[in-house]
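The values are calculated or read from the model by the stated rules, or taken from the named source; none is laboratory data. Just so it is clear, the structure is predicted and the values come from calculations on it, not from any experiment. Glycine gets a Cβ as well: all are built from the backbone with ideal geometry, and neighbour counts include every protein chain shown. Just the protein is used for accessible areas: all its heavy atoms, side chains included, with ligands, DNA and RNA removed. Shrake-Rupley method; radii C 1.70, N 1.55, O 1.52, S 1.80 Å.
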Amino acid sequence: MSKKNKNGNGNVNQYKELRTTNFRPELWIDGVWPLEDFVSHKNAKAGIKFGFFGIGQGGNKITDAFAGIKDRNGNPVYKTIIVNSNLGDMEKINNVPKIYHFPLVGYENGVGKDPEVGEKAFQENGATIFNAIQERLMDCDFIFVNNSMGGGTGTGAVNVAVDAISDYLLIPTGSIISLPRPDEIESLNAYNATAELVPKLSDIRVTEEGEEYRGLEALIVLDNDKIIKEHREDPEVTGLSWDFYSNYKVAAILHEINVLTSLGSDYTLDAADLFNRIIKQGSVLTFAKKKINLDEVKTKEDLTKEIQSTYRGRNVLANGFDYENDMRSMAMIVVMPQNQQHRVNQDTLEEIRTNMMHELPNVNFYPGSVSYETEKKEAIVYTMASMGGLPERAKQLREEAEDLRVMREEREKKTSGFNMGEKLERKSTSTAARRSGAGINPFAAAATDKKPSQPGAQKSKISNPFNSDAFKRK
């Protein structure tokens, strides 16, 4: 018996047997994306109290993935709120409680990929939304504003929302954004909004009491192009559409790292270090995750090499970072089966730290190790790096948008067009007079003396265009 994904994305056949025979809700997001076993350890909990605020269709879906993460008692781990201009899209959100769904009143049919309209819609509804954020998320340690760049609602509102939370709630604020696939309109929208958002990472502001804070503490970039390629060629989980795949992936890895900070160990990386040394650095965050078969890696040297190489080749969400020049700090957590924890001890971590100092000079490196009871014979390595630069795709957004515009203009020049030439004269063979007719003449009510086709003509607001002399054929 297989289980249908409630979002209509097909069966996750790879995990069918586990789900139907030993289903534990805390080990799955929405029952379709598996989390690592350690998240349900008796002492496991989220080390940092994140809140998630989703704007627009893409941001709502990202936020819903985080809302689908449950604890051992079936309760949501993270608090969430969503806002959208399209009511139909918001009805498809399953995990965020309905009382925290906020429509943009007056714009319920969407904003047509127009960020200016999206910003206006958010501003007009801002008082209600801000009160809800204050009520729901005020006790969070950190709030992520989530949206997909390229459309209208999230793209237009993200910068307004980030400033409102950061400046008026004084809660450290980050953003999770997804970059669209190459498209002239969406790439342009994405570039303009991202170009406004990124400088907030280095914008130091001051409260009335003289306390400093950043306009934006952290930015996580999901490159849809990169994730779609992985989804097609080597998916971690099968049976999901690529957008759900992307959202579950970012939710899973951020949650797993967050839980690891709470597990006891002599060499642990605690939540305070992760929060202050990696996340609150005014940087782009990039993640990596790698599983190492311990039966195949026999020597200490080989295991050390495998662990150290994780950050270079197993990036989860985006590619093309300049590690040598842009990396500021990196956290690394090695998760070991309890019966093999001796293979990664304090000496091993110090050796890795020394090697990383040679490989990446001037980078602050924070290693840790955690073990737990499991029958699996694999190590799991996580890295979270604080970067002072963007992934390659984000850097190329402006050029991408301009190239797509040029391609369209060149294509339009080559089109054959609709000019069929002048009308040909024909000799009439009819001798009958034209009937005037007894019915209503659709061309009888003149709205203007100018035809709309003439330069300078004004279009009338007549509901039926045929009730106008402007359409009378001479």
Amide H to amide H, which residues 5 or more places from Lys113 or on other chains are under 5 Å from it, using H placed in the peptide plane? Gly152, Thr153
Listed residue pairs exceeding 27 Å between alpha carbons, taken from Lys45/Lys226; Lys249/Lys280; Lys45/Lys377: Lys45/Lys226
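In nm, what is the difference between 0.36 nm times the number of residues separating Glu402 and Asn325 and their Cα-Cα distance?
So the chain would gain 25.0 nm between Glu402 and Asn325.
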Rounded if a/c is under 1.5, else prolate if a/b is larger than b/c, else oblate: which is the range 176-327, with a ≥ b ≥ c the root eigenvalues of its Cα gyration tensor? oblate
Please turn the phi angles of the range 177-186 into ³J(HN,Hα) values with the Karplus equation 6.51 cos²θ - 1.76 cosθ + 1.60 (θ = phi - 60°), one per residue in order, whole Hz, x for glycine and proline. 10, 10, 8, x, 5, x, 7, 4, 5, 5
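Could you give me D for the range 235-290, from Stokes-Einstein at 10 °C and 1.306 mPa s, where the hydrodynamic radius is the Kirkwood radius over C-alpha pairs? Units µm² s⁻¹, please.
In µm²/s, the coefficient is 121.
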How far is the Cα center of the range 276-353 from the Cα center of the range 38-65, in Å? 23
Taking a ≥ b ≥ c as the square roots of the eigenvalues of the Cα gyration tensor, with a/c under 1.5 meaning rounded and otherwise prolate when a/b exceeds b/c and oblate if not, the range 25-69 is oblate
Using a ≥ b ≥ c from the Cα gyration tensor of the range 106-192 (square roots of the eigenvalues), is it rounded, prolate or oblate, where a/c under 1.5 gives rounded and otherwise the larger of a/b and b/c decides, a/b for prolate? oblate
Per residue, how much accessible surface does the range 147-255 expose to a 1.4 Å probe? Answer in Å², no decimals. 36
Amide H neighbours of Phe102 under 5 Å, at least 5 residues apart or on other chains, H built in the peptide plane: list them. Ile82, Val83, Asn84
For the range 136-146, 3J(HN,Hα) per residue [Karplus equation, 6.51 cos²θ - 1.76 cosθ + 1.60, θ = phi - 60°, Hz, x = Gly/Pro]: 8, 10, 4, 8, 7, 6, 7, 10, 9, 9, 10
Cβ-based charge dipole, the range 190-344, positive-most Cα from Ser246, Phe275, Ala190: Ser246
Quick one: what are the phi-derived ³J(HN,Hα) couplings along the range 249-254, Karplus 6.51/-1.76/1.60 with θ = phi - 60°, whole Hz, x for glycine and proline? 5, 5, 5, 5, 6, 5
